[in-house]
Each structure stands twice: as C-alpha cells, then as structure tokens.
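Since every read-out is calculated from the coordinates, none of them should be taken as a lab result. Owing to the predicted nature of the structure, the values given are computational and were not obtained by experimental measurement. Cβ sites come from the backbone with ideal geometry, for glycine too, and all protein chains shown count toward neighbours.
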Amino acid sequence: MIKDIKAREIIDSRGNPTVEVSLFTNQGKTTSSVPSGASTGSFEAKEIRDGGERFGGKGVLEAVSNVNNKISSALKGEDLDPLKIDKILIDLDGTKDKSNLGANAILGVSMSVFRATAKKNNISFYDYISANFDFEQKIPVPCFNIINGGVHSGGGVSFQEFMVVPEKDSFSENLRFAVEFYKKLKQKILLKYGANSVNIGDEGGFVPDIKKTEDVFNLLKEVDSSASLIVDVASTEFYKEEKYLLDSDLKNKEEMIVFYKDLRERFPIIGFEDPLMEDDFTGWGELKKELPDILIIGDDLLTTNTKRIQKAEESNSCNAMILKINQIGTVSEALQSAKTAQELQWKIIVSHRSGETNDDFIADFAVGIGADYIKSGAPARGERVAKYNRLLEIEDEKKQQEK
Ligand code: PGA
Ligand code: ZN
C-alpha cells in the first residue's frame, strides 16, 4: 500500500533541475528520477518548468508540488497496482500531453510505483516486467554515442549522435569493445586535431573541430573500418522552411535521401534515426523504400506514442523505434508502445535522454521488454555508465541463474 510520496528538485547531468520521487510503502522507500531531453519532439508529453529567474526558468518546484500535494492525496492508501495507478495519474492530469500536472511529475511517480511493486513481489525489476506484462527477456545490444554534434555539442557537425554498435557475444564484451574504441578515437582526435578537440558533448561523445559530416565517418573508419554505426541525425533540429541546413549546405528532402544513400554505400551504417523531420511520414516512407535493408528509426517521429507508431506503420515510414519513457509520461503507456512495436516486428531501441541522472531504470526496463538495442551515451561519464554497469550486473545475475 502507498503510505506516502515525497518529491524533490534535484540536478541533472547538464546542471538543470529535475524531479526525484520517493515512494513509501510497506516495503520501505523506492526512489526514481526523471530525465530530460534537449532535442525534444513536438509530440512528446510535456514536462513543466517554473519560468521566472530561478535556475534560468528551468526550476521544477511546481511539478514537485504537484507530486507532494495533488498526486500524493490521490494515491495515498492505494494498493500497489501499477496499471491502475497510472490510469489514476492520467485521469487526474486530464490532458493529452500531461501538461497539467507535468509529465515530469507523473513519470517519477509511475517509475517508483512499478519498482516498488517488483520489490513487493521479491523479484528483480526486469523479471517483474517480463513476467507480468508478457515480454521475452533479452539483454540489448548497446549503441555507444562516441561523437556528439547538433544541439548536444555547442558547435559540432549537424548530425547529433554517431554511435558505434559492437556485435560481440556478450554485453560485457560489447562494453569492452566500446571502451577500447572510445580510447583509440580519443588518441586519433588528439593527433589530428590537437589538444582542444577532445572536449565532450552532453552525452559524453567527443566534439572534435570537424565541419563536415563525412569527415566524422572517415575518422571513425580510421579507428575501425568494420565497426557498425547508427547515426541519430535529429534532423528536425536543423529543418527550417522546408529545407535542411546540413553543415552549412541547404538541402531539400530529395537531396537528403541521396546523401543518406551515398553515406550508406561508403560506410558501415546499419541505421538512421530521425533522418527527416518529425512529421514527414511520407518522406520517411520514400527513404525507407530506397534503403530497405537498414534500420530507419523513429524518435521525434513517434515519441513513444502508439497512435504515431500506427500512423508510421500505415505509411511504411520506419522499421524501428526509439523508446523513451518520458516522451509518453507513464511506464504502462511505454509498455503498450513496446508491445505495439513488437507486434509490428519493429526493432526497439530503449533510450536515455541527453539530460540524465544516475537512475538506471532503463537498463532493467530494456531487459524486461526484450529490447533489441539500448542507447545510453558514451562508455564514459557517471550518468551514462550507470545504465551500462547495471546491464553488466544483470548479465552476471542471468549467468548465475543458468548454472
Ligand atoms: P534528447 O536527445 O534527449 O536531447 O532528445 C536524444 C535523442 O534525440 O535521441
Ligand atoms: Zn533521437
């Protein structure tokens, strides 16, 4: 039973305030914290921020107060039934985008309720998810963001994320490969671009002084010419007046598609995320037709929203989705999105946000739903490796169980 809920304002990896929620039940305390994006999609659930001068307008005291007052009053005394509680939260908010109570307020509570329920059942959170919501468990393949651009970089190339995707036999080997790749890349950048070029962006990837997208791919090829790559173009961020401003070249949709085809021919790219703007379902369909054998991954296009997933399926726009729980605002709706994507036989990439905390919720969540991939930034920086290190622990636990 829920005895009490207490939220507070904490600081995320970018130095912005975010919401942390502690839930008190008969089993004790369960705490979760909420991440926050920079290149957010227009169709995401809305976090609420205070405005005014405090923290440059980014304070979350109103969201915190919503948890401590309205939400707490509505939930105190309720049994731990996560689906029912998420429904109460959705109804109490009463808006489509959770802008009344704030997706940041709602999600912190939803995460804690799910975790507390696993604790009550005396099982790990990943076991709880797969057993109770009918998913087949799997340890996801990690996608490591090793070069940052776009709005995560303050002056890098236009593409937001260059991710290396190792294909070893275990998670720990994948992590080792990524760490070695990251260190070799650092040495290469130092040699080629000098001491000031190994500064890093929001997700821990380097931001070398490179002006052209293609040169980033050449650099990565020098480190390891066979390593598979996924890129998050986050193209909506550089789309204005029907054109894409790519590394100071203006391109229309057709030219972007030609550009992607050319990159795909020359480099070991296995997926493009958000290659076109967030509402161009038709354009995405055209690109997918041209590149049928790689992952065309919807992030801002889908915003972890089942209606948008269905729309994308109808227009044949993609074959993979980014799953970010805070895009939709409750864990049960995120589980629903995962189910929908799996029924369509899409690949799922569970994702962190560029503004993170040390909460490792998504590691268990990804294993529990049997996600194909996870992206949590570089194999460096505390808030990024919290997730990877939890996956190492889960891999160990599962090995022990097999013995
Ligand atoms: P965001 O970036 O968290 O800043 O939205 C991550 C992404 O676009 O995948
Ligand atoms: Zn993205």
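Just to be sure I understand: of the beta bridges DSSP finds with both ends in the chain, what percent are antiparallel, rounded to 5? Once the DSSP bridges in the chain are tallied, antiparallel ones form about 60 percent.
Per residue, the average separation of C-alpha pairs within less than 8 Å and at least 6 apart gives the chain a relative contact order of 20 percent.
Pairs spanning more than 28 Å between alpha-carbon atoms, out of 168/211; 76/96; 98/211; 186/347: 168/211; 98/211; 186/347. Straight-line cross-link partners of residue 403 among the lysines, defined as a Cα under 18 Å from its Cα and at least 8 positions apart when in the same chain: 138.
List the pairs from 243/324; 221/398; 6/46 whose alpha-carbon separation is above 24 Å, in the order I gave them. Beyond 24 Å: 243/324; 221/398. The stretch between residue 190 and residue 169, if pulled fully straight at 0.36 nm per residue, gains 4.5 nm over its current Cα-Cα span. Between the Cα long axis of helix 82-93 and the first principal axis of the chain there is an angle of about 90°, rounded to the nearest 10.
Taking packing as the residue-averaged number of other Cβ atoms within 10 angstrom, the listed peptides 84-92, 304-312 run from highest to lowest as 304-312, 84-92.
As a rough guide to protection, the peptides 132-143, 152-163, 290-301 ranked by mean Cβ packing within 10 Å, highest first, stand as 152-163, 290-301, 132-143. From helices alone, the chain scores -12500 deg cm²/dmol at 222 nm; the rule is -39500 (n - 2.57) for each run of n ≥ 4 DSSP H residues, then divide by the residue total. For the chain, the longest principal axis of the C-alpha atoms and the axis of helix 382-402 are separated by about 70°. Positive contributions from Lys and Arg (+1) and negative ones from Asp and Glu (-1), summed over other residues with Cβ under 13 Å from the Cβ of residue 143, come out at -3.
Restricting the calculation to Cα atoms, the chain yields a radius of gyration followed by a Dmax of 20.6, 62 Å.
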